[in-house]
Amino acid sequence: MITSSQNPKIKLVRALLGRAKERRDANAFVIEGVRLLEEAASGDWRIEIALYDGSLSERGKDLVDRLRLKGVEIEEVTQTLMKSLSETETPQGILAIVEINQLPIPSSPNFILIPDQIRDPGNLGTLLRSAAAAGVQTVLLPPDTTDAFAPKVVRSGMGAHFRLPIHSVTWEEIQEQTKDLQIFLADMDGKSCWETDLRKPLALIVGGESEGASEEARKLVMQKISIPMSGDVESLNAGVAGSILMFEVVRQRSVSSKH
């Protein structure tokens, strides 16, 4: 059992939780909780090491047994240590270091999400979760967007990371990837999404909470779209607005496929 906070494995977990550079250098990130570990284990994601403590549920213990059979390195730690590592108020008693597995971008995607200058981890996680649910085929992260593999993003993504190709790219690469697509920007001054044809192959840019979309993003945009709102509501946060627009794409495409 690991009891010391100076243990190299504990130090590695802390480093990966704390800094994007460490995650990039190690090509790994940390996931926490039984459900996320089950998702990682059922896909093509290499779990490098799993740490658990005595508070683990029966379901969690079954998972640990399965991971052992797959040859994953497993270590028990004290509950105090686990609590010091956990990003949640009520730790589930298990976390793991997972190798970042970049799912490939499909050859001709018709639905891409570009979260531009999204700095709030909760908003980015919400966008990723909604993107996975809405059938987005690729998420392209421009340079000034927060790290998709940061702990709060992973937690609020609720497993989206294991289903979506999520790639950090330059604006030149984004231009290349979207050259055959209509490019829409979520913008309060745009045309109503209800009156815009979103059935064609497209990329949706959702700008950041404070500054909106970057200059680079605006150069690519073909049309701005907005969400009709009643009353004196000025705007929705990026996570909610992007989610509504993604599901408007789904709605329009499902209606057109029935006719």
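Does VAL255 satisfy the criteria of being in a helix (DSSP H, G or I), open to solvent by 40 Å² or more (accessible area, probe 1.4 Å) and within 28 Å of GLU173 (Cβ to Cβ)? Considered against the rule, which asks whether it is in a helix (DSSP H, G or I), open to solvent by 40 Å² or more (accessible area, probe 1.4 Å) and within 28 Å of GLU173 (Cβ to Cβ), VAL255 comes out as no. Of all the residues in segment 25-74, those that are aromatic (Phe, Trp, Tyr) and modelled with pLDDT of 95 or more number 2.
So that you can scan it fast, the table gives a plain yes or no per residue for (1) small (Gly, Ala, Ser); (2) under 18 Å from MET158 (Cα atoms):
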| position | (1), (2) |
| --- | --- |
| SER107 | yes, no |
| ASN123 | no, yes |
| SER130 | yes, yes |
| THR138 | no, yes |
| THR145 | no, no |
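The condition of being acidic (Asp, Glu), without any contact (Cβ under 8 Å) to a residue 40 or more places away in the chain and open to solvent by 10 Å² or more (accessible area, probe 1.4 Å) does not hold for ASP44.
If the condition is being charged (D, E, K, R), under 21 Å from the mean Cα position of the chain (by Cα) and either open to solvent by 70 Å² or more (accessible area, probe 1.4 Å) or within 16 Å of LEU85 (Cβ to Cβ) (or both), then segment 10-41 contributes ARG14, ARG19, LYS21, GLU22, ARG23, ARG24, ASP25, GLU32, ARG35.
Within segment 33-74, the set of residues being more than 27 Å from PRO165 (Cα to Cα), in a helix (DSSP H, G or I) and among the charged types (D, E, K, R) comprises GLU58, ARG59, LYS61, ASP62, ASP65, ARG68.
The values are calculated or read from the model by the stated rules, or taken from the named source; none is laboratory data. All of these numbers come straight from a predicted model, not from anything done at the bench. Backbone-built Cβ (ideal geometry, glycine too); neighbour counts: all protein chains shown. Just so you know, the surface numbers come from the protein's heavy atoms only, side chains and all, with ligands and any DNA or RNA stripped out. Shrake-Rupley method; radii C 1.70, N 1.55, O 1.52, S 1.80 Å.
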